[in-house]
Amino acid sequence: MPKITVTVNGTSHTSEVEGRLLLVHYLRDTLHLTGTHVGCDTSSCGACTIHLDGKAVKSCSMLAAQADGSTITTIEGLATGNELHPLQEGFKEEHGLQCGFCTPGMIMCAADLLSHNPNPSEQEIREGLEGNICRCTGYHNIVRAIQYAANKSLVVSE
Amino acid sequence: MIPSSVDYTRASSVTEAIRLLTDNPDAKILAGGHSLIPAMKLRLNAPSLLIDIARIPELRFISDEGDKVVIGAASTHHDIISNEAVQDMKAMIEAGELIGDTQVRNMGTLGGSIAHADPSADWPAVLLALGASIQVQGPNGERSIAANEFFLGFFMTALDEGEIVTAIHIPKLAEGQQTAYRKFMQPASRFAIVGCGVSVTVEGGLIKDAKVAFTGVSDAAFLDEGVAAALIEQPVTLETIEAAANAAAEGDIHINEDHFSSQAYRKHLAKVYAKRALAGACGLD
């Protein structure tokens, strides 16, 4: 079985995994990081989005073995202690969720967007979220939540 | 959904990947895996061994080599559309930005897409329109295959047993050459129902060279010679383009049909998207 070493949310883990083990199952079942969700399981909905070496990817569509040597951030890795990440705060303040199932993926994808486009337009936010599906909100408040985070981050960095 | 049991190994060089592939006939090459892993999850594919080539340094680069841009096969869609060397090749950017979504573009690779040869994939039409060539390496050494000899049919390419795609060579644009890509996409998967990549070279107000390629229309991406021929030595006007585009997907060609689109509708879309892509390339949209 492949032996992998990954750094997840700052902690290094070494595990023997089955070749066929999907990364999302490694995160949820082996590392017990259940904030990353399995939604559609067909690369469509984005609920399983994590960051692999700083880029948003769908963890249901890759093997744990493919991540060997990589740095991973999951939704659990965004907050600093009790202080929410600006995106987490934005989703709370702007009511960016109803059932919350899609939220971790939305936030991880939005974090990728803001990392290379800190002040996106509404259209750029909507395009940036094309790989994430929400069945509750109609997206309006999700867009507002991301605008909230962008505004807050801009204020902080100024 | 869980794939069948499979062994996994990471090749450290192209030579090692080819040796592993030759020694294990049931093995599959894994790059981004964004076609292969979903197929394995559906048990449509059950290789005995996955040979991961995604992190081989000699496969992940984009370089400007004077008269051409060379793209390593393991370059992701994101690598390509964010690279300075291809920014003037509008067809590359317009196609790349429409592939899947952010997350898919961060993992999926150019080499993987063309080796997989999905009849609805975007890159094949662009590579045909740009006159690209595909570098491949196998147990008998290296060779170069012109894009118009690479895509042979439904998920079928000119790759021989044991060969892998190593790089894609794209000629730099000539003076007066413009390119574009337009597609009518399946709304959930974002695969092309009809995708059209074009290259038009204009000199003295007349079209001197044209390439018009389709994906999604037939069992493999193809160059539509009828449309191209109707453009040569014509002035750059919407009338010229519309007349040429009406020749699209005619003649002895198999047209795909599925629950999204009948053959007649696909043929109609081919004409519409040829017109839009040509107008885009000529700055007339």
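The values are calculated or read from the model by the stated rules, or taken from the named source; none is laboratory data. A quick note: this is a predicted structure, and the numbers were derived from the prediction, not measured. Ideal geometry is used to build each Cβ from the backbone, glycine not excepted, and the neighbour counts take in all protein chains shown.
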Inset, instruction - Take segment B:226-257 and flag every residue that is exposed (fewer than 12 other Cβ atoms within 10 Å of the Cβ), under 25 Å from the mean Cα position of the chain (by Cα) and free of Cβ contacts under 8 Å to residues at least 24 places away in the same chain. - result: B:252
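Got a sec? Which of B:233, B:203, B:239, B:225 is touching a Lys or Arg at 6+ places or on another chain (Cβ under 8 Å) and of a type outside the set (Ser, Thr, Tyr)? Write out each step before concluding.
Values: B:203 fails: touching a Lys or Arg at 6+ places or on another chain (Cβ under 8 Å); B:239 fails: touching a Lys or Arg at 6+ places or on another chain (Cβ under 8 Å); B:225 fails: touching a Lys or Arg at 6+ places or on another chain (Cβ under 8 Å).
Just a single option satisfies the conditions, and that option is B:233.
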Legend entry - Members of segment B:72-107 that are more than 9 Å from chain A (Cβ to nearest Cβ) and closer than 13 Å to residue B:31 by Cβ: B:72, B:73, B:74, B:75, B:77, B:79
Inset, instruction - Look at segment B:43-65 and say how many of its residues are buried (at least 19 other Cβ atoms within 10 Å of the Cβ) and of a type in the set (Asp, Glu). - result: 1
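Would you check which residues across segment B:209-254 are small (Gly, Ala, Ser), closer than 17 Å to residue B:124 by Cβ and in a helix (DSSP H, G or I) and list them? Working first, answer last.
Here is the first cut: in segment B:209-254, the residues small (Gly, Ala, Ser) are B:210, B:213, B:216, B:218, B:220-221, B:226, B:228-230, B:243-245, B:247-249, B:251.
Add one more test, that the residue is closer than 17 Å to residue B:124 by Cβ, and what stays is B:213, B:216, B:218, B:220-221, B:228, B:248-249.
If the condition is that a residue be small (Gly, Ala, Ser), closer than 17 Å to residue B:124 by Cβ and in a helix (DSSP H, G or I), then B:228 is the only one that fits.
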Legend entry - Given (1) within 18 Å of the chain's Cα centre (by Cα); (2) charged (D, E, K, R); (3) away from chain A (no Cβ under 13 Å), index of the condition residue B:67 fails: (1)
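Does any residue of segment A:20-28 turn out to be assigned to a strand (DSSP E or B), crowded, with 22+ Cβ neighbours inside 10 Å and within 8 Å of chain B (Cβ to nearest Cβ)? Spell out how you get there, then give the answer.
Of the residues in segment A:20-28, the ones assigned to a strand (DSSP E or B) are A:22.
Adding the requirement that they be crowded, with 22+ Cβ neighbours inside 10 Å leaves A:22.
If we keep only those that are within 8 Å of chain B (Cβ to nearest Cβ) too, we end up with A:22.
Among the residues of segment A:20-28, at least one is assigned to a strand (DSSP E or B), crowded, with 22+ Cβ neighbours inside 10 Å and within 8 Å of chain B (Cβ to nearest Cβ), which makes the answer yes.
Going through B:148, B:106, B:140 one at a time, which residue ends up being out of contact with any strand residue (DSSP E or B) (no Cβ under 8 Å at 6 or more places or on another chain) and either crowded, with 21+ Cβ neighbours inside 10 Å or not assigned by TED's automatic domain parsing to the domain that holds residue B:187 (or both)? I'd like the intermediate steps shown before the answer.
Numbers: B:148 fails: out of contact with any strand residue (DSSP E or B) (no Cβ under 8 Å at 6 or more places or on another chain); B:106 fails: out of contact with any strand residue (DSSP E or B) (no Cβ under 8 Å at 6 or more places or on another chain).
When all the criteria are applied, what remains is B:140.
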Legend entry - Criterion violated by residue A:8 - all others in (1) within 13 Å of chain B (Cβ to nearest Cβ); (2) over 26 Å from residue A:136 (Cα atoms); (3) buried (at least 20 other Cβ atoms within 10 Å of the Cβ) satisfied: (1)
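Quick check on segment A:50-60: of everything there that is touching a residue at least 40 places away in the same chain (Cβ under 8 Å) and within 9 Å of another protein chain (Cβ to nearest Cβ), which residue is surrounded by the most Cβ atoms within 10 Å (Cβ to Cβ)?
Let us first name the residues in segment A:50-60 that are touching a residue at least 40 places away in the same chain (Cβ under 8 Å), namely A:50-51, A:54-56, A:58.
Right, trim to within 9 Å of another protein chain (Cβ to nearest Cβ) and you get A:55-56, A:58.
Details: A:55: 17, A:56: 29, A:58: 34.
In this case the residue turns out to be A:58.
Just name the residue that is surrounded by the fewest Cβ atoms within 10 Å (Cβ to Cβ) out of those in segment B:158-169 that are over 12 Å from the mean Cα position of the chain (by Cα) and of a type outside the set (D, E, K, R). Working first, answer last.
Start the filter on segment B:158-169 by keeping residues that are over 12 Å from the mean Cα position of the chain (by Cα), which leaves B:158-167, B:169.
With of a type outside the set (D, E, K, R) added as a condition, the list becomes B:158-159, B:162, B:164-167, B:169.
Working: B:158: 15, B:159: 19, B:162: 18, B:164: 23, B:165: 27, B:166: 23, B:167: 24, B:169: 20.
Per the stated criteria, the residue is B:158.
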Legend entry - Considering residues of segment B:20-59 that are in contact (Cβ under 8 Å) with a residue 60 or more places away in the chain and in a helix (DSSP H, G or I) only, the residue nearest to the other protein chains (Cβ to nearest Cβ): B:36
Inset, instruction - Identify, by number, the condition in (1) out of contact with any strand residue (DSSP E or B) (no Cβ under 8 Å at 6 or more places or on another chain); (2) surrounded by 17 or more Cβ atoms within 10 Å (Cβ to Cβ) that residue A:72 doesn't meet. - result: (1)
Inset, instruction - Go through (1) more than 14 Å from chain B (Cβ to nearest Cβ); (2) in a loop (DSSP other than H, G, I, E, B); (3) touching a residue at least 40 places away in the same chain (Cβ under 8 Å); (4) not basic (Lys, Arg) one by one and return the number of the condition residue A:32 breaks. - result: (3)
Inset, instruction - Report, ordered by the first and then the second residue, all pairs with beta carbons closer than 7 Å, sequence separation of six or more or different chains, a first member in segment A:36-49 that is without any contact (Cβ under 8 Å) to a residue 24 or more places away in the chain, and a second member that is in a loop (DSSP other than H, G, I, E, B). - result: A:38/A:47; A:38/A:48; A:41/B:1; A:43/B:34
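How about segment A:35-47: which of its residues are in contact with a helix residue (DSSP H, G or I) (Cβ under 7 Å, 6 or more places away or on another chain) and either at the interface with chain B (Cβ under 9 Å from one of its Cβ atoms) or aromatic (Phe, Trp, Tyr) (or both)?
Residues of segment A:35-47 in contact with a helix residue (DSSP H, G or I) (Cβ under 7 Å, 6 or more places away or on another chain): A:35-38, A:41-43, A:46-47.
Selection gives A:41, A:42, A:43, A:46.
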Inset, instruction - Answer yes if at least one residue in segment A:112-120 is more than 9 Å from chain B (Cβ to nearest Cβ) and in contact with an Asp or Glu (Cβ under 8 Å, 6 or more places away or on another chain), and no otherwise. - result: yes
Inset, instruction - Give the residues of segment B:66-89 that are surrounded by 19 or more Cβ atoms within 10 Å (Cβ to Cβ) and touching a residue at least 60 places away in the same chain (Cβ under 8 Å), sorted by residue number. - result: B:69, B:71, B:72, B:73, B:86, B:89
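So which residues in segment A:115-145 are farther than 17 Å from residue A:46 by Cα and either among the aliphatic types (A, V, I, L, M) or without any contact (Cβ under 8 Å) to a residue 12 or more places away in the chain (or both), if there are any at all? Full working, then the answer.
First, the residues of segment A:115-145 that are farther than 17 Å from residue A:46 by Cα: A:115-124, A:140-141, A:144-145.
Hits for segment A:115-145 are A:116, A:117, A:121, A:123, A:124, A:140, A:145.
Specify the residue that is nearest to the chain's Cα centre (by Cα); the eligible residues are those in segment B:170-195 that are more than 14 Å from chain A (Cβ to nearest Cβ) and polar (S, T, N, Q).
The extreme case among them is B:179.
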Legend entry - Residues of segment B:112-124 satisfying the condition of being touching a helix residue (DSSP H, G or I) at 6+ places or on another chain (Cβ under 7 Å) and assigned to a helix (DSSP H, G or I): B:113, B:114, B:123, B:124
